[in-house]
Structures are given as C-alpha cells and as structure tokens.
Amino acid sequence: MFKEDVYDVAIIGAGIGGYTSAIRCSQLGMRVALIERWKLGGVCLNSGCIPTSVWLTTVSLLEKIKRAKNYGIFVEGFSLDLKGVKVRKEDIVNRLNQGIRFLLEKNKVDLFEGTGRIKSPNHIIVERNGEKKSIYTKNIIVASGSRPKYLANIPADGNKIITVEDALDLEDVPESVFIIGGGILGVEFAQIFCSLGSKVTILEKKERLLPNFDREVSTTLRRILERNGIKIFTSVSSETANVSNDNVRLTFYADGRRVDAVAEKVVIAVGRSPNVEDLGLENVGIHLINGFIEVDEHMRTNIPNIYAVGDVIGKKMFAHAALAEGIVAAENIAGLETEIDWKTVPACVYTMPEIASVGLSEEEAINMGYKISIGKFPYAANGRALVDGERDGFVKIIADKERDEILGVHIIGPNASNLISEATLAIKLECTSEELGRTIHPHPTLSEAIMEAALAVFKRAIHI
C-alpha cells in the first residue's frame, strides 16, 4: 500500500509534546518526521516556562538579597542588570534548543522546517518560503500547541498593552502595571514586576485568584501578595482600556462598583487558545470541542491513525502533561495500548512561595460525593522552613474518609514544585494517608511537612 520511503509517523509541532513523541517513536523502532514552523521546543522553551522561570529565579534571588540581614549578611550597593538577565535567559534557551536538536539527530528523527498541513490521513504538505514538500505517513500526531488569548475590548498593541510573552523582553521596569488575569501566569508576573519595583494591580473576573486551585491555597496566596503591596480586584467585569499620553487609562467594575485607573503598562494574562487553524483538520474531519482537538485516553482523535497531544487538546495545559501525552501517543502507535492518567498531572505556580497541587481540591471532592478527612501542617512548624527563613504556607492532604485513600494534595510554600512529586506518586499508587504518614522522611527537610500533614489526617501529627 505504501511506498518504501513512507514514514511510520509524522508529527506537526516540535514543542515538548511533539519532540517527546518523536523521540519515543524512534526508540520504539519507527521512522519519524517532525515538522516545525517556528522554533524547536515551542512556546515552553522559547517564550513560556523556561524564560519565565529565569525571571522568577532572578527575582527570588533578589528578594533573598533584600532580606540578607535576616541571615546575618549585610549586602550594600547591589543592583539589577535587566540586560544581563535577558542575556542569561537567551543563553539558557539556546543551550536547551541545541540539546533538543542533538537528541533528534541522535534518535535519527527527520526534521522539516515549515508549516505542515494535513491533506489526507496519510499525507502532509510542508510549506516553507513558497516551496512545498509532500510527506507520506502511516500515522500523524498533531502537537501544534497554543498561543496567548486576546481580549477584544482591550487589544494588545505590543507597547503599552502587551501579552506575557511580550513582558519577557521589556527593556525597562514600568512604574505601574495592571495585569488582567489572576491565573497562574497572572500571579507569577505580578510577583516578577512587584519584585522589580513596579506598582502592581491584578484584575480577575472570577471571585478569587487561581480559581482552579484549592480555595484555601488561593486565599493564602492573596494574603501574601497583598502583604507585598500588590492590589487585587476580583469579580471584575466590563474592562476597557485606552492609551493616552504614554499611559493606559482603564475602566472596570469590581464587586459592583466602577473603578477608573491609570497604568504605564497593561499585561494580558487570560489564558491560551489552541493552534488549530491552518492545519488542514477540516480535510480529514477531526472533531473539535470548544475549539480544542478531541482525544481519548490513548490520545487518539476520531480518525484512527491521527493523534493529538499538548495544549491543542486543552486537557491539562502544562509542559509536563504534553510530555506524558507524547509518550502515550507514541506507545499506542506502536501497539502498546498505553493510557494517560490526567488525574495525576500536578499543577505548579512559581510564585514566592510556590504552589503545587495534584488530585482533587476540597471542594471538588465534596462535590463528587466523597466523605473526606483533611490533614494540614504549617511550614511555620517545620524546622527546615525556619532555618531557610520561609515561614509562609502549609501542606494540605485530602483523603477519602472511608478508605483513607489520598484524593488530593495541595502545597503552598517553598519548594512546593519539587515536593509535589511525592504526592503525585502517592496518588498514582492509591496510597493511604496512613502509609504516607508512616513513611520515614529525613530531618531536617521540608518534605517532613508532607509526612506530618498525612499524620494530621488522623490527628497524629507530632509537631503541632
């Protein structure tokens, strides 16, 4: 049926979901074509998580220097070199980009630079600079990613009204910033600008920040942000913005009252939209749900030999989720019948302190009909946290009251993003709070807070 030069799989998009799929397919003995119209690593590497993490690491160190006297260290005359931060960011991005290119070459993945469009379930056209090339393939994986979502009533101009991606390349620190959106990106950039010296205001249309996280966690974060001088408006509606005299004039309603304000910059951080246009999806009749590609737990679309992974499916829009989905897609193409477990995908927020969560929130567990037990342990009672000078936060464990199975773990505190992996494994293995609480943790470590929270489910925590 196929010619000898046909690929086993062709992948559209070389972000983390795409290049992971490509490498795993190659490991499984397949001949792979990878198509990318922009940059290897996609948004996460080039204009998302990695560049943002560089800035977050910088401002975290900056905050520690400001508090150095609390550790008996006196620092005088320090300053921030914005250009130096950008150079470091670009160096890290380039190193990782080169690393991906090396891995693709090592795994004998054929890379095609250009725009890939599906013509049929076994045929993709790659176009670059007016030239077209046909790729024939037995299977297709769509990993086309996403882009920043825009607001029709507040159009971004790339100067005064910008996206979070634009914010990563600012040359100067604005005196004042309004951030529209109180989700993960909104609160992360709020802390970046606040640490750099901007007066920051967050506008969130829902009733609280981080509406997809446990309520107690988001409430605690709000208190910390406000303590740091960040203004927060929730239940916001009817925003309008007009650029005038080098500033942006905003009008919005919050809690039923009108607010007029002026800011030097407005940052749009209201989520992301899937890249489903100009892919030729209509040529093969791929189903979409709310604009995202519909897939099952095997990452298959409604077309048997076409799969999709990453932000374009809209399930868990995190880089680590895309990586896991890419592996699942590759293994199913190889006939291994692997399934994705979306309930064990952790979510992380790299604020100060960090937030990390996996499984069900308290509200979700109750709404699903569970009778629950809750164990909490504060960082203020953890020896390592006190040594590190980090008292804010807690670990919260939600367990099924009848079976003691852990349903969710929520952490706000230092190193939460590293600690959550233990909780993810616990949920993956259907661990009980009893088992987690009896697992010996080294002392003094932050991880002891997880053990103590597990013990607290049955009111047996030692240090509170």
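Read the figures in this text as sums done on the coordinates, not as results from a lab. Bear in mind the structure is a predicted one, so any value in this text is a computation, not a measurement. A quick note on method: Cβ atoms are made from the backbone with ideal geometry, for glycine too, and the neighbour counts reach across all protein chains shown.
If you place +1 on the Cβ of every Lys and Arg, -1 on the Cβ of every Asp and Glu, and leave all else neutral, what size is the dipole of the chain about its Cα centre, to the nearest 20 Debye?
540 debye
Only Cα pairs under 8 Å and at least 6 apart count here; give the relative contact order of region 353-456 as a rounded whole percent.
33 percent
For region 353-456, just say rounded, prolate or oblate: build the C-alpha gyration tensor, square-root its eigenvalues into a ≥ b ≥ c, call rounded for a/c under 1.5, and beyond that prolate if a/b exceeds b/c, oblate if not.
Prolate.
Ranked highest first by the average count of other Cβ atoms within 10 Å around their residues, in what order do 97-107, 257-267 fall?
257-267, 97-107
Taking R0 as 41 Å, what FRET efficiency do you get between TYR253 and THR57 from their Cβ-Cβ distance, rounded to the nearest 0.05?
According to the calculation, E is roughly 0.65.
First measure r as the distance between the Cβ atoms of ASP260 and ARG215, then evaluate 1/(1 + (r/R0)^6) with R0 = 41 Å and state the FRET efficiency to the nearest 0.05.
Taking R0 as 41 Å, the efficiency between ASP260 and ARG215 is 0.85.
In nm, what is the difference between 0.36 nm times the number of residues separating GLU363 and LEU103 and their Cα-Cα distance?
89.3 nm
Scan around SER176 for amide H atoms under 5 Å from its own, H built in the peptide plane at 1.01 Å from N, and keep only partners 5 or more places away or cross-chain.
Amide H neighbours of SER176, under 5 Å, 5+ apart: LYS199, GLU264, LYS265.
Please give me, ordered by residue number, the GluC sites (Glu not before Pro) of region 18-101 that lie in loop per DSSP and have at most 16 other Cβ atoms within 10 Å.
Those satisfying the criteria are GLU76.
How far apart, in nm, are the 7 Å Cα→Cβ label points at ILE125 and ASN283?
Taking the simple label geometry, ILE125 and ASN283 are separated by 0.6 nm.
Using amide H atoms built 1.01 Å from N in the peptide plane, name the residues 5+ places from ILE372, or on other chains, whose amide H lies under 5 Å from its own.
For ILE372, whose amide H was placed from the backbone, the distant partners under 5 Å are LYS401.
What number, in percent, do you get for the relative contact order of region 161-270 if the mean sequence gap of Cα pairs under 8 Å and at least 6 apart is divided by its residue count?
Normalised by residue count, the contact order of region 161-270 is 33 percent.
Pulled fully out, how much extra length does the chain show between ILE440 and LYS343, if you take 0.36 nm times their separation in residues and subtract their Cα-Cα distance?
Contour length minus the Cα-Cα distance gives 32.3 nm.
Please state the charge dipole magnitude for region 63-116, taken about the Cα centre, from unit charges on C-beta atoms (+1 on K and R, -1 on D and E), reported in debye and rounded to the nearest 20.
300 debye
Run down the lysines and flag those whose C-alpha is under 24 Å from the C-alpha of LYS371, throwing out any fewer than 8 positions away in its chain.
Leaving aside lysines fewer than 8 places away in the same chain, those within reach of LYS371 are LYS343, LYS396, LYS401, LYS428, LYS459.
Where the only charges are on Cβ atoms (+1 Lys, Arg; -1 Asp, Glu), what is the dipole of region 161-270 about its Cα centre, to the nearest 20 debye?
In total the dipole reaches around 600 debye.
For GLU294 and SER244, calculate 0.36 nm times their separation in residues minus their Cα-Cα distance, and state this gained length in nm to one decimal.
Using 0.36 nm per residue and subtracting the Cα-Cα distance, I get 13.7 nm.
Each residue of region 176-192 in order: what ³J(HN,Hα) in whole Hz does its phi give by Karplus 6.51 cos²θ - 1.76 cosθ + 1.60, θ = phi - 60°, with x for Gly and Pro?
Per residue, the Karplus-derived 3J(HN,Hα) values read 9, 9, 9, 10, 8, x, x, x, 4, 5, x, 6, 5, 6, 4, 6, 4 Hz.
Under 8 Å for C-alpha pairs, at least 6 residues apart: give me the relative contact order for the chain, rounded to a whole percent.
Rounded, it is 13 percent for the chain.
Going Cα to Cα from LYS205, which lysines come in below 17 Å? Please leave out same-chain ones fewer than 8 positions away.
Cross-link targets: LYS149, LYS231.
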